[in-house]
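K.L.:
Below is one structure. I have some questions about it.
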Amino acid sequence: MVVNIEGRFINVKHSRVSMDVEWRHHPESIDTFFVNLADREQFKFITTGISRYVELGSAKIKRQLGMHHLKENIGETPLKLDDLELLANGQFVCKEAPDTSAKSLGTAFSMAWWSIISDTLPTPQKVVMRGANRETRIFTIGQWKVFSGELLPTLVSLSGPNYQGSIWIRSAYPIQALESDPLQKAATKVRPIPELFLKIPVKRKREIPLILKLNQELLRE
């Protein structure tokens, strides 16, 4: 899928900041985020789930990233590189608890966030993230919407210590709809895909939803 996301925030400096992201999701290979910030050149965040790097500006300067770099904020926004890493790889585990209605998850390989608690599943309206330096972030989801057969949250507001903002999805569609996708040729390595909510990451081939198969057929025609 290709998902286009917009974000508008009041950051910890009480300044207005914005961000546009094009997320190209390759379930069995690399994920790439094209990040546009108002005050600097576009950069790309590329992750395989095992390794990651940032490609900066038109000069395409590459910066290799370790896990500890994921704590860094994206520009002056309150979002972190770790948020993109979690979106791409879905590395979450269920906490052991007798109360299964708690909807409490842990993050498997996150550097910034330790837990995620939702009010309900599978379509929560409120999600609380807790992480490093006792930071608590709250997402309030105003609406869920189907994009090309995939149910995604949209009209999302967030608040944290000394910051707030909103995020919404402008569009989402099968990646085959792009006239040319240079990432497809580069996406030759198969990465281990952690199963959502399982304790142990496992390799598997992700099934393509029927609606996406139909979309592919329509696009071929």
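Every number in this text was worked out from the coordinates using simple rules, so none of it is lab data. Computed from a prediction, not measured in an experiment: that's the story for all the values here. All Cβ positions, even for glycine, are placed from backbone atoms using ideal geometry, and neighbour counts span all protein chains on display.
K.L.:
At 0.36 nm per residue, and after removing the present C-alpha to C-alpha distance, how many nm does the segment from Lys60 to Glu72 gain when stretched out fully?
P.N.:
Net length gain for the segment: 2.3 nm.
K.L.:
I'd like the distance separating the alpha-carbon centroids of segment 57-86 and segment 118-136, in whole Å.
P.N.:
22 Å
K.L.:
What does the highest-first list of 5-12, 105-112 look like by mean Cβ count within 10 Å?
P.N.:
105-112, 5-12
K.L.:
Also, quick follow-up: How large is Rg/Rh for segment 1-119, to two decimals, with Cα atoms and a Kirkwood Rh?
P.N.:
We get a ratio of 1.00 for segment 1-119.
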